[in-house]
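One structure is given here, and the rest of the page talks about it.
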Amino acid sequence: MELSTHEPVFPLGRWFAEAPIQGFRQGYHVRREIYQGRSPYQSIQVIETDLLGTTLILEGAVQTSSVDEHIYHEMLVHPALCALAAPRTVLVIGGGDGGALRRVLEHPTVERAVQVELDRAVVDTCLKYLPEISAGAFDDPRVELVIGDGARYLAETNERFDAILVDSTDPVGPAEALFSEAFYRAAFRALAEDGVFVTQSGSPLLMGAELGKAARQLRRVFPVVAPYLASIPSYPGVIWSFLSATKGKDLAAVPPAEIERRLEGIVTRYYTPAMHQAAFVLPADLARSLAAGQDDAVGLLPVSAAVSR
Ligand code: AG3
């Protein structure tokens, strides 16, 4: 008997696939299509996949899923907040699903969390189909939800935040402004002296050019920039990058005992003091090209692949 390794495992239904660069795609079998709509900014889809559960897709790119949202949101929020002795004010830009906001509010010293999301439809869609991600965060009295342009908000605010967290889509379309030097300057200005800025910065394998550019621009503004990684199954390439930036503090060097203390009473499924340390360890190639401020692709794939996006 001939065994075909290409036998369809799921003969019925259809597949959703993301193809961020030529020659690569990552797909999920769709069990159910739940919602499809369009806001003034983007197409919005909610599907149920076998692997990821309920999954939010904006402009064809997976944003979050009920199964692995905790990884991304914990890793966007806790490294920054656990680097601070007592974070009081936090600004979240983007993140309409509320998963980052929820993790911010888990830190008992936080008195005020401002969330600026461009697209009200993302908040509404997530509240309807993925309420377990925000888990009531938007109802917390410490929260101010602003529907508007995050870059503009940051440029105009007179407030100083202990942490500024950018939970954006990819650096194309509406989110492009959130990856510019002007935006990073505004973030620097609005950040407390010992504050922490963190932005998601895409796949180091598949979006190396964008990651390299963001890191370079951030370094022009902030004296200390420390990239870190997490494994997020729902994002293309799985390995995902974040860029942290401060006015002096080294996020990679926060003592595990301090993190342990700051995490007291906070339940995590991915982030731990050891994971904090491990996340800042980069493959040699990536560390080198990021440190060198290379202005083309810095990814783990050759430049030719990464630029054909
Ligand atoms: N923020 C990061 C999404 C980037 C995904 N990119 C992609 N799939 N190509 C998502 C919002 C989660 N709160």
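The values are calculated or read from the model by the stated rules, or taken from the named source; none is laboratory data. Source: prediction; values computed, not measured. When we count neighbours, we look across all protein chains shown, and the Cβ atoms used for this are built from the backbone with ideal geometry, even at glycine. Protein only, heavy atoms only, side chains kept; ligands, DNA and RNA dropped before computing areas. Shrake-Rupley method; radii C 1.70, N 1.55, O 1.52, S 1.80 Å.
Miscellaneous remarks
- Check on V90, in the same structural domain as G237 (by TED's automatic domain parsing), part of a strand (DSSP E or B), more than 14 Å from the ligand (Cβ to nearest atom) and of a type in the set (A, V, I, L, M, F, W, C): yes
- Helices (runs of 4 or more DSSP H) lying entirely in region 94-187 (those with 3 or more residues that are within 12 Å of the ligand (Cβ to nearest atom)): 99-105, 120-129
- L56 aliphatic (A, V, I, L, M) and either open to solvent by 30 Å² or more (accessible area, probe 1.4 Å) or touching a Gly at 6+ places or on another chain (Cβ under 8 Å) (or both): no
- Of the criteria (1) aliphatic (A, V, I, L, M); (2) touching a helix residue (DSSP H, G or I) at 6+ places or on another chain (Cβ under 9 Å); (3) buried (at least 24 other Cβ atoms within 10 Å of the Cβ), which one A85 fails: (3)
- Residue match in region 287-306 (condition: modelled with pLDDT under 95 and of a type in the set (D, E)): yes
- Just one of the listed residues (Q36, Q63, Q45) is free of Cβ contacts under 8 Å to residues at least 60 places away in the same chain, within 16 Å of the ligand (Cβ to nearest atom), open to solvent by 10 Å² or more (accessible area, probe 1.4 Å) and under 18 Å from V122 (Cα atoms), namely Q45.
- Scope region 263-282; condition assigned to a loop (DSSP other than H, G, I, E, B), out of contact with any strand residue (DSSP E or B) (no Cβ under 9 Å at 6 or more places or on another chain) and surrounded by 11 or more Cβ atoms within 10 Å (Cβ to Cβ); matching residues: L263, I266, T268, T272
- Sole exception among (1) touching a Ser or Thr at 6+ places or on another chain (Cβ under 8 Å); (2) closer than 22 Å to G212 by Cα; (3) of a type outside the set (S, T, Y); (4) open to solvent by 30 Å² or more (accessible area, probe 1.4 Å) for I93, by number: (4)
- Residue in region 248-261 that is surrounded by fewer than 16 Cβ atoms within 10 Å (Cβ to Cβ), at pLDDT 95 or above and either touching a strand residue (DSSP E or B) at 6+ places or on another chain (Cβ under 7 Å) or closer than 30 Å to T54 by Cβ (or both) present: yes
- Residue list for region 197-226, restricted to those being open to solvent by 10 Å² or more (accessible area, probe 1.4 Å) and β-branched (V, I, T): V221, V224, V225
- Failed item, numbered, when Y72 is tested on (1) under 18 Å from S201 (Cα atoms); (2) open to solvent by less than 30 Å² (accessible area, probe 1.4 Å); (3) touching a strand residue (DSSP E or B) at 6+ places or on another chain (Cβ under 6 Å): (3)
- Scanning region 206-241 for residues that are within 11 Å of the ligand (Cβ to nearest atom), part of a strand (DSSP E or B) and in contact with a helix residue (DSSP H, G or I) (Cβ under 6 Å, 6 or more places away or on another chain) returns a single hit, S241.
- Residues located in region 111-144, provided they are β-branched (V, I, T) and surrounded by fewer than 15 Cβ atoms within 10 Å (Cβ to Cβ): none
- Cβ-Cβ distances below 7 Å connect the following pairs, each with a first residue in region 99-116 that is in the same structural domain as E264 (by TED's automatic domain parsing), a second residue that is within 15 Å of the ligand (Cβ to nearest atom) and open to solvent by 60 Å² or more (accessible area, probe 1.4 Å), and a separation of six or more residues or different chains: R102/A135; Q115/L145.
- Selection from region 166-196 of residues that are open to solvent by less than 40 Å² (accessible area, probe 1.4 Å) and of a type in the set (D, E): D167, D170
- The single residue among L205, L218 that is farther than 22 Å from Q63 by Cβ and of a type outside the set (S, T, Y) turns out to be L218.
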